[in-house]
Amino acid sequence: MRTWFWTLLLAVVAVALAVVLRTHAGNVMVLVWPWRIELSLTLTVLLVLALFVSLYVGLRVLAWLLAIPDRMRAWRGQRAQARDHELLERGWTGLLEGRYAHAEKDLTKLLEQTRVPSRRVLAALSAARAAHGLGEFERRDRLLDSAREHANGNAGLQEAIATVSADQLLDQGRAQDALTVLAPLQDGGVRHLHTMRLLLRAEAALGHHDRVFTLARGLLRRNALSKTEAEHLIDTAGAARLRAASTSGTDAWRPIWKDLKSDERVLPEIALAGATAFEAAGEPAEAARVLEAAVPVHFTSTLVAAYARCDADQVPRRLAKAEGWLQKRPADADLLAALGMLCLNGQLWGQAERYLQRSLGFRNDSHTHALLGSLYDRLDRPADAVRHWRLATAASMALPVLAADRALPAAEMAADPLHLDAEGEYSTYPPEASPPSDLRSYGADLPPQAVPADYVLDPDARRAGREASSAVQPEPPAVAPARSAVDIEDYFDSAPIPVAAFDVPVPTYGTPTPRSPDAAAESKPDDDNPNSLPNKQG
């Protein structure tokens, strides 16, 4: 547009000048001693215009010639900038695609060849991120140090370096180091959203619940954090603050509770911690109100179970409230179990049984079976109580299925290389040999109506029996066990024991008494009898 305007203006001036010169004829005399030059006015004007154009063109050509070095430098700079941009674009593309090795190679090359400080910092930070993706943490730290060196006191670049470094330290699990890196930004009043998110991650990893609560609140208010994630963080941190304050034994938790907003008090963990604090302070009615406000908003099994744990005087009010919830959730197994527990606390046995049976109809739960077992135990129905206790065990873990529903036979331990009795002591005579004659005579003197003591139910019976035995006949000194031909490690090995090892039993304790050939023949297994087995534990 400007070109057309100036062209039109020059044309108008030329036409006007031509008209003026045509109507005003005259001469122009130029006196240059010793010459006198006389020209027409038209020629003089044309010569002046030609001189101006020539001078203008000459000066422009001279300026263009003198600017050749600058243009060459600019051209080389543009080429270098184009190469840098190409490397940077290729490196960032590889970084976003997850090709960290290629990205680090391009970005390191850019760091070495570029001369722009800001571009060096950007290349170093990008290469550090690629090295972090490869797990090369030492190389990453060197690149971060190089970026700090080329920052040259630039506040914006230093904040970028601190942010990238803190993000990578958090990914590595070094929350305390990340918090140290972010501390200058926090002290300087920097409130960037990404920096606040990094601070939130670091404080959450370190368990600083007060800071987590404040940061999560601020980010939720600025819509910089999803509502679900923010509520989870606020719920966890707020509940931890309440529990920590309530365990001190004072009322320090009350200001924390008053500082909470109404929509924060109904979060599950906060509501549970607040109800626990009110219960500990002796205010069960207030604890019930806290849970009653939270259960309709966040219906969880934990809140319902906590609502069912109360004293008998609280049962009527809580039972009526829970039955109102049941009308909206008639098939909720947790709510039915909670109602059954409330009825148990209020000693309403019939209602408790109905609620618990309905809960089992929707879900086989070990806790519900245990409550039914306790109920039937109170009602003097031991068979039903035992049955539900067994079902509670079966519902909570995978029990082995036996081949037959009967008691297992006792193991045959007569041929054990080392005979160990139930009290964890070795016998004083070998298992192959019979007890000494004095002990046999002592056993013969026992009255016929004597019943062996149950050493499992009465652990003192064995000790009493030993004291009585030692009073009749002193116990022979124990002899160090001799090395058996069948080693105990070989005995319990998975490979079968040779049959020859059972032909002649070798005593393992003391010196065996010689036996007659008839006794040895009686101790050998009968080959003709298929039911006879070698005297060994299989």
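Below, the figures for the structure above:
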{"quantity": "Identity of the residue in segment 292-312, open to solvent by 70 Å² or more (accessible area, probe 1.4 Å) and in a loop (DSSP other than H, G, I, E, B), that ends up farthest from ALA333 (Cα to Cα)", "calculated": "ASP311"}
{"quantity": "The lone exception for PRO330 - which of (1) in a helix (DSSP H, G or I); (2) free of Cβ contacts under 8 Å to residues at least 24 places away in the same chain; (3) surrounded by fewer than 18 Cβ atoms within 10 Å (Cβ to Cβ) it fails", "calculated": "(1)"}
{"quantity": "Listing of helices (runs of 4 or more DSSP H) fully contained in segment 165-264 that carry 2 or more residues being open to solvent by 90 Å² or more (accessible area, probe 1.4 Å)", "calculated": "175-187, 209-221, 227-246"}
{"quantity": "Test: residue in segment 274-294 that is touching a residue at least 12 places away in the same chain (Cβ under 8 Å), more than 24 Å from TRP325 (Cβ to Cβ) and either out of contact with any strand residue (DSSP E or B) (no Cβ under 8 Å at 6 or more places or on another chain) or not aromatic (Phe, Trp, Tyr) (or both)", "calculated": "yes"}
{"quantity": "ARG148 being in a helix (DSSP H, G or I) and either touching a residue at least 60 places away in the same chain (Cβ under 8 Å) or within 30 Å of LEU272 (Cα to Cα) (or both)", "calculated": "no"}
{"quantity": "Qualifying residue in segment 157-165 (condition: modelled with pLDDT under 95 and more than 23 Å from THR180 (Cα to Cα))", "calculated": "no"}
{"quantity": "Some residue of segment 333-350 being among the aromatic types (Phe, Trp, Tyr) and surrounded by 22 or more Cβ atoms within 10 Å (Cβ to Cβ)", "calculated": "no"}
{"quantity": "Test for LEU418: is it modelled with pLDDT of 65 or more and either open to solvent by 40 Å² or more (accessible area, probe 1.4 Å) or part of a helix (DSSP H, G or I) (or both)", "calculated": "no"}
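The values are calculated or read from the model by the stated rules, or taken from the named source; none is laboratory data. Note that the structure is a prediction, hence the values are computed from the model and not measured. Cβ sites come from the backbone with ideal geometry, for glycine too, and all protein chains shown count toward neighbours. The accessibility values were calculated without ligands, DNA or RNA, using every heavy atom of the protein model including side chains. Shrake-Rupley method; radii C 1.70, N 1.55, O 1.52, S 1.80 Å.
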